[in-house]
Amino acid sequence: MTFTSHMDAALREATAAAKRGEVPVGAVIVGPQGIVFKAGNRTRELNDPTAHAEVLAIRGACAVLGQERLTGLDLYVTLEPCPMCAAAISHARIGRVYYGAADPKSGGVAQGPRVFSHPQCHHKPEVYDGIGAEASETLLRDFFAKRRA
């Protein structure tokens, strides 16, 4: 079996989010048939603090598949999930999480509360970090540099 990364699709979603004035984070849910759903941040557009790319991708994939769990599916996301998104990933029973840039300030997987390591976490996906990290970091850095200028 050959590993195929779908981080490029997540990066495209992050780039589209940046063009909308959103923090550039993109997420893609992938199953054996390929991409099930993809999304970028829409918190400002929807006036919804929960409209992170991961949550939108989970909601969309569940709707497409007509089920509440995404057991065995993969999530590609450009930035380490925050604690809220990590909890949603756990509740959705996603099998594997691949993320790009680490988030020392707001991360919830390898940083901060480390949601998947918590004893009350019911489902712990496999986690792979650093996939497309450089491109993800550059996108975030450029976005915030322009906002500060």
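Collect the residues in segment 1-21 that are hydrophobic (A, V, I, L, M, F, W, C) and either within 12 Å of the chain's Cα centre (by Cα) or not in a loop (DSSP other than H, G, I, E, B) (or both), keeping them in residue-number order.
Met7, Ala9, Ala10, Leu11, Ala14, Ala16, Ala17, Ala18 - these are the residues of segment 1-21 that are hydrophobic (A, V, I, L, M, F, W, C) and either within 12 Å of the chain's Cα centre (by Cα) or not in a loop (DSSP other than H, G, I, E, B) (or both).
Scanning for something buried (at least 20 other Cβ atoms within 10 Å of the Cβ) and within 22 Å of Ala9 (Cβ to Cβ), does segment 110-121 turn up at least one residue?
If we filter segment 110-121 for residues that are buried (at least 20 other Cβ atoms within 10 Å of the Cβ), which is where we start, we get 115-116.
Within this subset, residues satisfying the condition of being within 22 Å of Ala9 (Cβ to Cβ) are none.
No, there is no match, as no residue in segment 110-121 is buried (at least 20 other Cβ atoms within 10 Å of the Cβ) and within 22 Å of Ala9 (Cβ to Cβ).
Can you name the residue in segment 89-109 that is hydrophobic (A, V, I, L, M, F, W, C) and crowded, with 20+ Cβ neighbours inside 10 Å and, of all such residues, is farthest from Ser136 (Cα to Cα)?
Ala92
Can you find, within segment 57-75, the residue that is farthest from Val109 (Cα to Cα) among those that are surrounded by 21 or more Cβ atoms within 10 Å (Cβ to Cβ) and in contact with a Leu (Cβ under 9 Å, 6 or more places away or on another chain)?
The residue in question is Ala61.
Give the residues of segment 122-139 that are touching a helix residue (DSSP H, G or I) at 6+ places or on another chain (Cβ under 8 Å) and open to solvent by less than 70 Å² (accessible area, probe 1.4 Å), sorted by residue number.
Within segment 122-139, His123, Pro125, Val127, Ile131, Gly132, Ala135, Ser136, Leu139 meet the criteria.
Inspect segment 87-100 for any residue being modelled with pLDDT under 95 and over 17 Å from Phe144 (Cα atoms) and give the result as yes or no. Steps first, answer last, please.
Going residue by residue through segment 87-100, those that are modelled with pLDDT under 95 are none.
No, segment 87-100 contains no residue that is modelled with pLDDT under 95 and over 17 Å from Phe144 (Cα atoms).
For segment 105-125, indicate whether the set of residues that are within 18 Å of His6 (Cα to Cα) and free of Cβ contacts under 8 Å to residues at least 60 places away in the same chain is non-empty. Break it down stepwise before answering.
In the first step, residues of segment 105-125 are kept if they are within 18 Å of His6 (Cα to Cα); the result is 125.
After this cut, where a residue has to be free of Cβ contacts under 8 Å to residues at least 60 places away in the same chain as well, the list is 125.
Looking for residues that are within 18 Å of His6 (Cα to Cα) and free of Cβ contacts under 8 Å to residues at least 60 places away in the same chain, one finds at least one in segment 105-125, hence yes.
Among the residues of segment 92-129, write down those that are assigned to a helix (DSSP H, G or I) and either more than 15 Å from Ile58 (Cβ to Cβ) or touching a Pro at 6+ places or on another chain (Cβ under 7 Å) (or both).
Hits for segment 92-129 are Val115, Phe116, Ser117.
Right, Ile89: assigned to a helix (DSSP H, G or I), of a type in the set (A, V, I, L, M) and in contact with an Asp or Glu (Cβ under 8 Å, 6 or more places away or on another chain) or not?
So Ile89 passes the test.
Looking only at segment 32-59, which residues are part of a helix (DSSP H, G or I), of a type outside the set (A, V, I, L, M, F, W, C) and more than 13 Å from the chain's Cα centre (by Cα)?
Thr43, Arg44, Glu45
Please tell me if Pro24 is touching a Ser or Thr at 6+ places or on another chain (Cβ under 7 Å), touching a residue at least 60 places away in the same chain (Cβ under 8 Å) and in a loop (DSSP other than H, G, I, E, B).
So Pro24 fits the description; yes.
The values are calculated or read from the model by the stated rules, or taken from the named source; none is laboratory data. This one's a predicted model, so the numbers in the text were calculated from it and none came from an experiment. Cβ sites come from the backbone with ideal geometry, for glycine too, and all protein chains shown count toward neighbours. The accessibility values were calculated without ligands, DNA or RNA, using every heavy atom of the protein model including side chains. Shrake-Rupley method; radii C 1.70, N 1.55, O 1.52, S 1.80 Å.
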